[in-house]
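Here is the structure we will look at.
The values are calculated or read from the model by the stated rules, or taken from the named source; none is laboratory data. This is a predicted model, so every value here is computed, not measured. Note that each Cβ is placed from the backbone with ideal geometry, even for glycine, and that neighbours are counted across all protein chains shown.
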Amino acid sequence: MQQWLGYVQEHTVDGLLQRWPDTNYRWWYLGDWATPDGVDQNDKSSVDIVNNCFISVCYATMEKIAAYLGKSDDSAVYAEKKEQLRKLIQDRFFDSHLNSYASGSQIDLIYPMLAHVTPESLIPAVTQTLFTMTEQEKDGHLATGLVGITILTEWAILNRSADWVYGMLKKKTYPGYLYMIENGATATWEHWNGRRSRIHNCFNGIGTWFYQAIGGIRPDEDYPGYRRVIIAPQVPDGIEWAKVSKKTPFGTVAVDWEVKEGMLFMNLTIPPGSTGLLEFPENVGKYTMNGKQRRYKQTSSNEISSGAYQIVYHLGKNQ
């Protein structure tokens with residue numbers, strides 16, 4: 001990884017990564033890819049912001065790895081590189097008049113927020129730009145390629161934007177997953193329009209959204225290997241039940257929930273050797289667990305041990 005970042009440094013100009021040389025086989029300096037018609041995947045500003053956001057994420061990852069290995073000096077170096085790059089990305093690609101980044105595509109708006117480039121004070125405005133653009137310019141459709149799907153879903157999961165994603169997934173017109181199905185797909189295509197391969201794994205990143213957002217099963221980075229599991233189901237308007245499980249090194253985590261009369265009833269299983277960390281929507285103050293009432297506080301630890309649980313709470317509007 002250090003050697004690869006050294007290669008990146010060789011092609012960095014004024015602190016920002018620029019296009020590196022193509023190979024005889026093909027060009028590999030890509031941004032998003034296999035985007036739908038109307039989204040220019042070759043737009044230079046888009047390609048550059050995607051790659052530089054990725055490098056900032058790499059620096060953040062290396063900072064954590066070095067700290068874990070006890071290499072505090074290396075960790076400090078990567079932390080400094082990360083912060084410097086975040087500032088350069090913000091200064092170069094952000095349009096303060098439009099509250100937008102680079103080409104204004106979905107991935108260009110989302111990746112800076114996901115990579116912690118966007119200052120906290122600007123996140124609401126950039127998020128609104130994203131939602132408005134999606135609805136008005138893209139008619140409520142997904143508008144990313146196979147790189148952007150994973151970025152979009154990761155951001156949406158962390159920001160509890162399940163209604164937004166679900167609205168796009170319900171679209172039967174181009175581009176979208178239901179468009180594939182409506183046109184005879186039995187596996188995901190390489191391109192939204194069915195060009196080239198008709199049995200490809202490119203757009204399967206959406207699967208993460210189903211078990212991490214709808215099912216609410218997410219890994220806790222501070223406890224690797226699902227030693228602690230975050231349980232945080234998100235309930236889009238129109239979804240009444242979900243039954244999701246995830247195999248982990250400790251066993252199977254299972255979430256089975258149903259909505260009745262504004263209440264969410266959840267059966268939860270945490271395998272031996274793991275613990276669970278409950279996260280509820282902001283409006284939830286009280287819940288019951290195995291018949292006993294409890295109070296939920298966003299700032300407190302809501303950790304549970306392995307076992308089977310029945311959890312009930314009232315669903316409000318803030319999902």
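Summary of computed values
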quantity: Spans of helices (runs of 4 or more DSSP H) in segment 137-221 with at least 2 residues touching a residue at least 60 places away in the same chain (Cβ under 8 Å) and in contact with a helix residue (DSSP H, G or I) (Cβ under 8 Å, 6 or more places away or on another chain); calculated: 146-158, 162-169
quantity: Selection count, segment 252-309, where residues are assigned to a strand (DSSP E or B) and at positive phi; calculated: 1
quantity: Checklist (1) farther than 24 Å from Asp32 by Cα; (2) free of Cβ contacts under 8 Å to residues at least 40 places away in the same chain; (3) assigned to a loop (DSSP other than H, G, I, E, B) applied to Lys246, failing item; calculated: (3)
quantity: Output for segment 295-310, where each listed residue is surrounded by 14 or more Cβ atoms within 10 Å (Cβ to Cβ), of a type outside the set (Phe, Trp, Tyr) and in contact with a Lys or Arg (Cβ under 9 Å, 6 or more places away or on another chain); calculated: Asn302
quantity: Residue that is farthest from Asp222 (Cα to Cα), among those in segment 238-287 that are of a type in the set (S, T, N, Q) and at pLDDT 95 or above; calculated: Asn267
quantity: Test for Val284: is it in contact with a Phe, Trp or Tyr (Cβ under 6 Å, 6 or more places away or on another chain), free of Cβ contacts under 8 Å to residues at least 40 places away in the same chain and within 16 Å of Ala308 (Cβ to Cβ); calculated: no
quantity: Condition met for Ala76 (of a type in the set (A, V, I, L, M, F, W, C), more than 22 Å from the chain's Cα centre (by Cα), buried (at least 16 other Cβ atoms within 10 Å of the Cβ) and modelled with pLDDT of 95 or more); calculated: no
quantity: Yes/no for Asp40 being in a helix (DSSP H, G or I) and either under 22 Å from Met133 (Cβ atoms) or touching a helix residue (DSSP H, G or I) at 6+ places or on another chain (Cβ under 9 Å) (or both); calculated: no
quantity: For Asp237: the one exception among (1) in a strand (DSSP E or B); (2) loosely packed, with under 15 Cβ neighbours inside 10 Å; (3) out of contact with any Ser or Thr (no Cβ under 8 Å at 6 or more places or on another chain); calculated: (1)
quantity: Identity of the residue in segment 111-127, of a type outside the set (Gly, Ala, Ser) and not in a helix (DSSP H, G or I), that ends up nearest to the chain's Cα centre (by Cα); calculated: His116
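A quick yes/no check of all residues on (1) crowded, with 20+ Cβ neighbours inside 10 Å; (2) assigned by TED's automatic domain parsing to the domain that holds Ser301; (3) over 19 Å from the mean Cα position of the chain (by Cα):
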residue: Trp192; (1), (2), (3): yes, no, yes
residue: Phe203; (1), (2), (3): yes, no, no
residue: Pro219; (1), (2), (3): no, yes, no
residue: Asp222; (1), (2), (3): no, yes, no
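Listed here are the residues, each with its yes/no results for (1) hydrophobic (A, V, I, L, M, F, W, C); (2) not in a loop (DSSP other than H, G, I, E, B).
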position: Gln3; (1), (2): no, yes
position: Val8; (1), (2): yes, yes
position: Arg19; (1), (2): no, no
position: Tyr25; (1), (2): no, no
position: Trp28; (1), (2): yes, no
position: Gly31; (1), (2): no, no
position: Ala34; (1), (2): yes, no
position: Ser46; (1), (2): no, yes
